[in-house]
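Note sheet for the following structure.
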Amino acid sequence: MFQATGAASPAPAHEAKSSSGGSTVQRSKSFSLKAQVKEMCTACQKTVYPMERLVADKFVFHNSCFCCKHCHTKLSLGSYAALHGEFYCKPHFQQLFKSKGNYDEGFGRKQHKELWVHKEVESGTKSA
């Protein structure tokens, strides 16, 4: 079926090469015996292999572990919203946000306006 035409093809880089009759073996530069760093899933703390790896907001997950914190439905990179390192589906993120009208207050954190009030009180006491 297939016939090579022309000159013979050169030997691949990973094959053994001999230099001036010696028995020196050279390996491909892409081959490495070093152990790769194992990545851990943020949700389950187990090893994540490259085929099941998903990265969202610099956090590494298994595909199956990337779920909404509220309803536990599986998320994708196009269907999530994140706040303070916690991931939600878009409908629940909007629902929780609208319930209080403020990102911080809606998720149990201190409001930023309270921080401003404390600064105004401190500056008011110093000038009086």
Two pseudo-spin positions, 7 Å from Cα along C-beta at T47 and at A82, lie apart in nanometres by 2.5 nm
If amide H atoms are modeled at 1.01 Å from N in the peptide plane, then the residues at a separation of 5 or more from V48, or on another chain, having amide H under 5 Å from its own are E39, M40, C41
Taking R0 as 35 Å and r as the Cβ-Cβ distance between K58 and Q95, the FRET efficiency 1/(1 + (r/R0)^6), rounded to the nearest 0.05, comes to 0.85
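No value in this document is a laboratory result; all are computed from the given coordinates. This one's a predicted model, so the numbers in the text were calculated from it and none came from an experiment. Every residue, glycine among them, receives a Cβ derived from its backbone with ideal geometry; neighbour counts consider all protein chains shown.
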